[in-house]
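Have a look at the structure below, then the notes.
The values are calculated or read from the model by the stated rules, or taken from the named source; none is laboratory data. Predicted model, so just to flag it, every value in this text is computed and none were measured. A quick note on method: Cβ atoms are made from the backbone with ideal geometry, for glycine too, and the neighbour counts reach across all protein chains shown.
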Amino acid sequence: MNAFSRLHETLSRGEFAVTGECGPPRGANKEVIDKKINLLNGFVDAVNVTDNQTAIVRMSSIAASAHLVAAGLEPVMQMVVRDRNRIAIQSDIMGAYSLGIRNILCLSGDHQKFGSQPDAMNVFDIDSMNLIRTVRNMRDTGKDMSGFDLDTAPQMFIGAAANPFADPFEYRVIRLAKKIDAGADFIQTQCIYNMDRFKEWIRLSREEGLTEKVYIFGGVTPLRSAGMARYMKNKVAGMDIPDEIIQRMDGVDKKSQAQEGIHICLETIRELRELKGVAGVHIMAIEWEEAVEQIVRQAGLK
């Protein structure tokens, strides 16, 4: 089978892949994207482009992804179902493919009440599981949701998210299986700080044969401070940061905390590379793209 994208090709060769993340600007300034492109270029196999993350209005993920394509980087265009009905979703998938975008990450999207315009109406015409299925069916059958033949089917490499740390834990592997059944080709996980719980999740996934059916990227986020660690633990839903991580960040002076966060990130990557069933790492250096080169180089990923 021909690879859908360069990222797919890298994974199919059995190489440990690296993806990064790029948040579009709160405005129309392309130079913000260009700066992030320069920081990430050559250090990752593909770059996630977020879709109005945290429900804050930003440059569209399709436009920002197109800027990456023009610069020679491979985007993973995120798409949320919060803001689009099924007509707009299918239209945007086809439009994105026509612009050279070959990877898509299918998400629900953060609820608008947490964002910059909480009075906005959400859509959720279909859920993220059905978004995965829609992209897969358009790709594999060459038809839209109404059964209309497409002149060119969008041959996208389809991704989904997984959170091994949400409750109930026993449902995490079942939900992963459902996403694979819907058509997910690769999975990116929530950022990993509780390695024991992640190892148990990947072990159960292996036992169910799921790691043979999908490429799994372990998510990592370098902590910049102890305050950031506490905020993520207490305020970010689905995040699992053990107290020993916070104590470790607190154990160094403030000027050294960012470097300590990178050390923790490097240790996590080292463990992920040893785990059977983990195909790559997804580095979410939130508005800290400058750290990606150091992490990739010191981890020996490139």
_Top-ranked residue in segment 1-25 [being assigned to a helix (DSSP H, G or I) and in contact (Cβ under 8 Å) with a residue 24 or more places away in the chain; ranked as surrounded by the most Cβ atoms within 10 Å (Cβ to Cβ)]_ = LEU7
_Unmet requirement for GLU74, which otherwise passes all of (1) touching a Ser or Thr at 6+ places or on another chain (Cβ under 7 Å); (2) under 25 Å from ASN122 (Cα atoms)_ = (2)
*Which condition number does ALA96 fail, the rest of (1) under 19 Å from the mean Cα position of the chain (by Cα); (2) modelled with pLDDT of 95 or more; (3) more than 22 Å from ALA63 (Cα to Cα) being met?*
(3)
*Of the criteria (1) under 17 Å from the mean Cα position of the chain (by Cα); (2) at negative phi, which one ALA55 fails*: (2)
*Among the residues of segment 169-186, is there at least one that is surrounded by 15 or more Cβ atoms within 10 Å (Cβ to Cβ), among the acidic types (Asp, Glu) and in a helix (DSSP H, G or I)?*
no
_Out of everything in segment 26-40 that is not β-branched (Val, Ile, Thr) and not in a loop (DSSP other than H, G, I, E, B), what residue ends up being surrounded by the most Cβ atoms within 10 Å (Cβ to Cβ)?_
LYS36
*Using the structure shown, decide if GLY109 is small (Gly, Ala, Ser), closer than 24 Å to PHE186 by Cα and in contact with a Lys or Arg (Cβ under 6 Å, 6 or more places away or on another chain).*
yes
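Residue-wise test of (1) part of a helix (DSSP H, G or I); (2) under 24 Å from the mean Cα position of the chain (by Cα); (3) exposed (fewer than 15 other Cβ atoms within 10 Å of the Cβ); (4) in contact (Cβ under 8 Å) with a residue 40 or more places away in the chain.
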{"position": "TRP201", "(1), (2), (3), (4)": "yes, yes, no, no"}
{"position": "THR211", "(1), (2), (3), (4)": "yes, yes, no, yes"}
{"position": "LYS233", "(1), (2), (3), (4)": "yes, yes, no, no"}
{"position": "MET239", "(1), (2), (3), (4)": "no, yes, no, yes"}
{"position": "ARG248", "(1), (2), (3), (4)": "yes, no, no, no"}
{"position": "GLN257", "(1), (2), (3), (4)": "yes, no, no, no"}
*Tell me, please, whether a residue that is within 29 Å of GLY280 (Cβ to Cβ), among the polar types (S, T, N, Q) and not in a helix (DSSP H, G or I) can be found in segment 129-142.*
no
*asked:* Given the condition modelled with pLDDT under 95 and of a type in the set (Phe, Trp, Tyr), answer yes or no: does some residue in segment 133-154 qualify?
replied: no
*Say whether the condition of being modelled with pLDDT of 95 or more and either acidic (Asp, Glu) or more than 14 Å from the chain's Cα centre (by Cα) (or both) is met by at least one residue in segment 101-115.*
yes
*Which members of segment 41-93 meet the condition of being over 21 Å from HIS282 (Cα atoms), in contact with a Pro (Cβ under 6 Å, 6 or more places away or on another chain) and either of a type in the set (D, E, K, R) or not in a helix (DSSP H, G or I) (or both)?*
ARG58, MET59
*Selection count, segment 259-294, where residues are of a type in the set (Asp, Glu) and not in a loop (DSSP other than H, G, I, E, B)*: 5
*Residue count, segment 144-158 (criterion: free of Cβ contacts under 8 Å to residues at least 40 places away in the same chain and buried (at least 17 other Cβ atoms within 10 Å of the Cβ))*: 1
*asked:* Could you tell me how many of the residues in segment 129-138 are within 16 Å of TYR97 (Cβ to Cβ) and surrounded by fewer than 21 Cβ atoms within 10 Å (Cβ to Cβ)?
replied: 2
*Go through segment 104-117 residue by residue and tally those that are on the phi < 0 side of the Ramachandran plot, part of a loop (DSSP other than H, G, I, E, B) and without any contact (Cβ under 8 Å) to a residue 60 or more places away in the chain.*
3
